[in-house]
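Here's the structure, in structure tokens; my notes come after.
Computed from the coordinates by the stated procedures, all read-outs in this text should not be read as laboratory data. Everything numeric here is computed off the predicted structure, so don't read it as measured data. Cβ sites come from the backbone with ideal geometry, for glycine too, and all protein chains shown count toward neighbours.
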Ligand code: AMP
């Protein structure tokens, strides 16, 4: 595995890879969710590039950025075992040198959900993803359904800017108790970790009610999730949404297809999760 710390090193190593090249952007502190993306990428491409970059511009809170878990040596070991060809680990200065002025902004679909609660977050994501795509120039890129809005935003960006990269979305990987894997989970207290699976349980119950036809009304579905999560006083729900899968606008009345998502605080950790309201695949 080749480790590249500068854009010049990455470009030189990338030029020698066989095609097609798959790319998995991450912020590191890797778990099985990340590794699912890496494995899918490995299976579908001749070479795999992974980036590890805790992108400062997508954090709306300095404490979240400072406290974001990091362990690059461990991550490198995991990626090496997975047979990754190149790992790109740039510094913030390499990505944002003095004089940096450009922001990539995707409009409207970034004003809701995560975007409404994390000002500037998606400007940071869209800008860094565009930069990483231009640096790595992969044929395909892999993203997790765990960050559902990110998938919608990156798809829009790639279409609007005619970026010749095929996006592939990987289902959310969960702990045995249903909690979506996240690098932030390690920051939960033991008690917080104990109650956290209720988030997915609430989403699953509402999804089951929708699938069985018992409950199809958007507001009633949001209410179901709020009531279930409300049973756990340690958890503070930030939002529950039933939205259109592409426009991300809130739905009202009968739902025929949608994205059910939430954000919640447990202790001082902010977690997100989602399920798709669609017939069982
Ligand atoms: P992050 O390191 O959190 O920026 O995540 C890097 C990529 O891994 C993103 O595309 C995420 O959506 C994806 N990812 C993170 N957690 C999971 C998970 N539990 N299941 C599937 N994909 C995930």
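Key figures for this structure:
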| read-out | value |
| --- | --- |
| Highest-first arrangement of 181-194, 48-61, where packing means the average Cβ count within 10 Å | 48-61, 181-194 |
| For a label point 7 Å along the Cα-to-beta-carbon line of residue 160, residues of region 27-60 with backbone N under 18 Å | 58 |
| Distance (nanometres) between label positions extended 7 Å along Cα→Cβ at residue 249 and residue 134 | 3.3 nm |
| Kirkwood-type radius of region 106-182, with distances r between different C-alpha atoms, in Å | 13.4 Å |
| For region 125-170, average projected area of the Cα convex hull in nm² | 2.8 nm² |
| Label-point separation, residue 80 to residue 257 (7 Å along Cα→Cβ), nm | 4.6 nm |
| Within the chain, helix-based [θ] at 222 nm, where runs of 4 or more DSSP H residues each add -39,500 (n - 2.57), nearest 500 | -11500 deg cm²/dmol |
| Rounded tilt (10° steps) of 72-81 against the dominant C-alpha axis of the chain | 80 degrees |
| Computed over region 183-275, Kirkwood Rh from alpha-carbon pairs, angstrom | 13.5 Å |
| Cβ-derived FRET efficiency at R0 35 Å, residue 65 paired with residue 220, nearest 0.05 | 0.40 |
| The chain: angle of helix 198-212 to the longest principal axis, Cα-based, in degrees nearest 10 | 70 degrees |
| Cα Rg over Rh - the chain, Kirkwood | 0.97 |
| Angle between the chain longest axis and helix 218-230 axis [Cα atoms, degrees, rounded to 10] | 90 degrees |
| For region 195-267 and region 127-147, distance of Cα centres in Å | 29 Å |
